[in-house]
Amino acid sequence: MKKPLFIFLGTLSLSLGLIGIVVPGLPTTSFLLLSAYLYARSSQRLYNALLNNKFLGGYIKDFQKGMSIRAKIRAISMMWTMIFISAFFFIKILWVQLVVIGVGFVGTFVMARLPGRKDEN
C-alpha cells in the first residue's frame, strides 16, 4: 500500500513542480526534490527517469552535489523576490498568500541546510 501512495504523491509533486516552472511563487525545485525522494522509495524506474530527464534531472543533480554559498544566496534571494511579487501583486486571497510565504520559508530552510561545495559558481 505504501508504494502506490508514494508513486501517487511523487507524481502529484512532480506535476506541481512542472507548474511551478511557469507560475511565479510556486517552487519548482522543492517539488522536484520531493518527487525524487518519493520515487526513490517506491519505484527505481520512475526515480531514474526523473534523474535522467534532460530538463528536470539537473535540478536534482545540482542539489545532490551541494551548492556554493554564493549560489545559495542567489537562489534564496531570487526565490524571495518572486514570492513577494507573487504574494503581494498577483495573489489577492490572504490564505493563498500565507501558503506561498509558508512554502518560501520551507524552501529557505531546505536551501540553507544543503551541503556546501568548495567551488564557487
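FYI, it's all coordinate maths here, none of it is from the lab. Keep in mind it's a predicted model, so treat the numbers as computed, not measured. With ideal geometry, Cβ positions are generated from the backbone for all residues, glycine too; neighbour counts draw on all protein chains shown.
Key figures
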| item | result |
| --- | --- |
| Residue-span extension gain [Val99 to Asn53] - 0.36 nm each, minus C-alpha spacing | 13.7 nm |
| Kirkwood hydrodynamic radius (C-alpha pairs) into Stokes-Einstein, the range 2-112, 10 °C and 1.306 mPa s, D in µm²/s | 109 |
| Calculated [θ] (222 nm, deg cm²/dmol) that DSSP helices of n ≥ 4 give over the chain, each run adding -39,500 (n - 2.57) | -23000 deg cm²/dmol |
| Kyte-Doolittle mean at least 1.0, axial Cα span of 30 Å or more - DSSP H helices of the chain | 2-22 |
| Net lengthening on full extension, Phe90/Leu9 (0.36 nm per residue, minus Cα-Cα) | 26.4 nm |
| Order by protection proxy (mean Cβ within 10 Å, highest first), peptides 66-79, 28-41 | 28-41, 66-79 |
| Most to least packed among 85-93, 10-18, 56-64 [average Cβ atoms within 10 Å] | 10-18, 56-64, 85-93 |
